[in-house]
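See structure below.
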Amino acid sequence: MLKVKTAVLVSGGGTNLQAVIDASQRGELPDAELSLVVSDRRGAFALQRAEKAGIRTEYIGRDGFEQKLSALLDECGIELIVLAGFLKILSADFTEKRPGRIINIHPSLIPSFCGEGYYGLRVHEQALKYGVKVTGATVHYVNHIPDGGKIIYQKAVDILDGDTPETLQRRVMEQAEWILLPKAVEKVAKEIRYGKSY
Ligand code: GAR
């Protein structure tokens, strides 16, 4: 049975994409093939990371984004979509057509500090402002509710005295995101490959 063709959607630096590429190169994703990286931002550094790893890259601008994305996913035979620092919210129409086939990494312990408007550094700013002592990251399926789909993995990370949004973001990435996302890609790809029904 063929590996599950996987697309990663990005908007920025792509450190989570890099974690997935590195895991794949170490042989830790035996059921997933990284076939495509799509950015909604032309200059995203994530695109350079993908090119370096020999993965096809595409930029899709705002006009007709989902229509163009759907056509590209079909053309490439993509079965699994991974949102890795992808900041656009996908429509209910798009997500409902692909149940169990889209996953996202979010830099907090859902249901805290999530939903529309919570992305990137903002999430960590809000956690610090609230004064929570523990935060973390979550990988979840994507449905029509922003950050509202079924949770796949979560990992807690301590907040330390003197943390800034930047130091906290880095710790959450190192201790949680870069570990959870590759693990989740493999888990879901394996389920798709060997037929788990949704
Ligand atoms: C990551 O922290 C990711 O969890 C977050 O954006 C950052 C992207 O970094 N995503 C969200 O906030 C989605 N709501 P990266 O481009 O270096 O992977």
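Ordering V4, L83, L17 by the projection of their Cα atoms onto the charge dipole of the chain, which places +1 on the Cβ of Lys and Arg and -1 on the Cβ of Asp and Glu, puts V4 at the extreme positive end. Restricting attention to region 107-198, which GluC sites (Glu not before Pro) occupy a DSSP loop and are surrounded by at most 13 other Cβ atoms within 10 Å? Filter output for region 107-198: E116.
Overall, region 93-166 carries a charge dipole of about 340 debye about its Cα centre when +1 sits on the Cβ of Lys and Arg and -1 on the Cβ of Asp and Glu, all other atoms neutral. The equivalent ellipsoid that matches the C-alpha gyration tensor of the chain spans semi-axes of 26, 18, 17 angstrom, in descending order. Here is the list for region 90-198: trypsin sites (Lys or Arg not before Pro) lying in DSSP coil, each with at most 15 other C-beta atoms within 10 angstrom of its C-beta, are K97, K133, K150, K196. The C-alpha atoms of the chain define a longest principal axis, and helix 15-25 lies at about 50 degrees to it. A simple charge model with +1 on the Cβ of Lys and Arg, -1 on the Cβ of Asp and Glu and nothing else charged puts the dipole of region 35-134 at about 420 debye relative to its Cα centre. From helices alone, the chain scores -10500 deg cm²/dmol at 222 nm; the rule is -39500 (n - 2.57) for each run of n ≥ 4 DSSP H residues, then divide by the residue total. Legend: ranking of residues D63, D93, D147, D22 from fewest to most surrounding C-beta atoms inside 10 Å; resulting order D63, D93, D22, D147. Contact order for region 1-110, expressed relative to its length and based on alpha carbon pairs under 8 Å spaced 6+ residues apart, stands at 33 percent.
Look at the dipole of the chain built from charges on Cβ: of I192, A50, N143, the Cα furthest out on the positive end belongs to I192.
The calculated FRET efficiency for the pair E58 and D158, based on their C-beta separation and a Förster distance of 30 Å, comes to about 0.20. Size check on region 45-98: the Cα extents along the three principal axes, sorted descending, read 33, 23, 19 Å. Counting 0.36 nm for each residue step from Q67 to I151 and taking away their Cα separation leaves a gain of 27.5 nm. Among L73, L34, sorting on how many other beta-carbon atoms sit within 10 Å of each Cβ, with the fewest leading, yields L73, L34. The antiparallel fraction among DSSP beta bridges confined to the chain stands at about 40%. Over region 1-40, Cα pairs under 8 Å with separation of 6+ residues give a relative contact order of 65 percent.
Restriction of the GluC sites (Glu not before Pro) in region 1-84 to DSSP coil positions whose beta-carbon has at most 15 other beta-carbons within 10 angstrom yields E28.
Considering only alpha-carbon pairs that sit under 8 angstrom and 6 or more positions apart, the relative contact order computed for the chain is 23 percent.
The charge dipole of region 31-94, taken about its Cα centre with unit charges on the Cβ atoms of Lys, Arg (+1), Asp and Glu (-1) only, comes to about 460 debye.
Readers should treat all values here as calculations from the given coordinates under stated rules, not as data from a laboratory. Since this is a predicted model, take the numbers as computed values, not measurements. No Cβ is skipped: glycine too gets one built from the backbone with ideal geometry, and neighbour counts run over all protein chains shown.
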